[in-house]
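Notes for the one structure printed next.
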Amino acid sequence: MATSTLSWLSGGQGKRPGILYPHAQWWFLLCIVLTWVGFGHSYFAQIRTQPLLHHVHGALMGGWILTLIVQPILYQQGRMKLHRTLGRWAVYLLVPAIVVCVFFMIRSMLRFTLIPPFMVDHLAFLDVASLFLFPLFVGLGIWYARNIQLHARYIACTVMLLMPPALARAGLMSAYLRTHFRLNVNLMVGLMSFVLLMLMVDDKRKGKLYAAYPVAFTANTIVCVCANFAQNWGWWNTLSGWIKG
């Protein structure tokens, strides 16, 4: 029993030949590890004093990444019915809950944070952009559900939106980045653009560049740059004021 379970988790036994991204689950597992590291001090070390909203937010985000770990394994094993069923439940339950929870997290940050105003606008702009891009990438993944090349790539792109908050907190372990917070945030969001660029290079090397990574790269890079100027835009101040309530 233990052997078969381990084999299933590793995608080893019964793995179909020629599948897309045969080690995807391990990359998504790495994302969870990085998230634990990034939030180790600001959340996990103070978990008993954290508000309920933070617990719900963490559980939802962790649940999404956990889903992305399981889904490639099911695909590799050819268990497509279970793959589709789990995907539907994740889309129907997790995605709307994540969007609503992120909205209230943004509102909480705008109302109660002690971060300097220019950085609040920077972070809130990134979060609001993710509020739109996350369901967009999920929706595109659903739209192209019968095209495994685009489906898998668009769903994978959702992780690029979830990682910068954890990575930015991990960056605070550096004394230099701790005193250059905007640089830290820009580096971590920019790192996601770099990862997407490398994935584009990998696609090109394999013979075909699919649209998903260029779309995500363009969106992520534009958002990364624009976040630095959001505080000076009237429309953004109006929107953030409405979110703040």
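Only the coordinates and a few stated rules stand behind these numbers; no lab work does. Quick caveat: nothing in here was measured; it's all calculated off a predicted structure. So basically every Cβ, Gly included, is an ideal-geometry build from the backbone, and we count neighbours across all protein chains shown.
If you line up the long axis of helix 95-112 against the longest principal axis of the chain, both from Cα atoms, how many degrees apart are they, to the nearest 10?
20 degrees
Quick check on the chain: helices-only [θ] at 222 nm, where DSSP H runs of length 4 and up contribute -39,500 (n - 2.57) each and the sum goes over total residues. Nearest 500, please. Don't skip to the answer; put the middle values down first.
Details: 11 runs with 184 residues, N = 245.
One gets -25000 deg cm²/dmol as the mean residue ellipticity at 222 nm.
Under a Cβ-only charge scheme (Lys and Arg +1, Asp and Glu -1), can you give me the dipole magnitude of region 21-244 about the Cα centre, in debye to the nearest 20?
On the way: 17 positive and 4 negative charges, 91 e Å.
I would put it at about 440 debye.
What is the helix-to-structure angle for 117-143, meaning the angle in degrees between its Cα long axis and the longest Cα principal axis of the chain, kept from 0 to 90 and rounded to the nearest 10?
Relative to the chain, helix 117-143 is tipped by roughly 30 degrees.
What angle do you read, to the nearest 10 degrees and between 0 and 90, between the alpha-carbon axis of helix 181-206 and the longest principal axis of the chain?
30 degrees
Taking the Cα centre of region 21-244 as the origin and placing charges on Cβ (Lys, Arg +1; Asp, Glu -1), which of Val33, Leu183, Cys224 is farthest toward the positive end of the dipole?
Val33
Ranking Ser42, Ser174 by Cβ neighbours within 10 Å, fewest first, what do you get? Numbers along the way, then the final one.
On the way: Ser42 14, Ser174 11.
Result, fewest neighbours first: Ser174, Ser42.
Rg and Dmax of the chain, using alpha carbons, in Å: what are they?
Values for the chain (Cα only, Rg and Dmax): 18.7, 61 Å.
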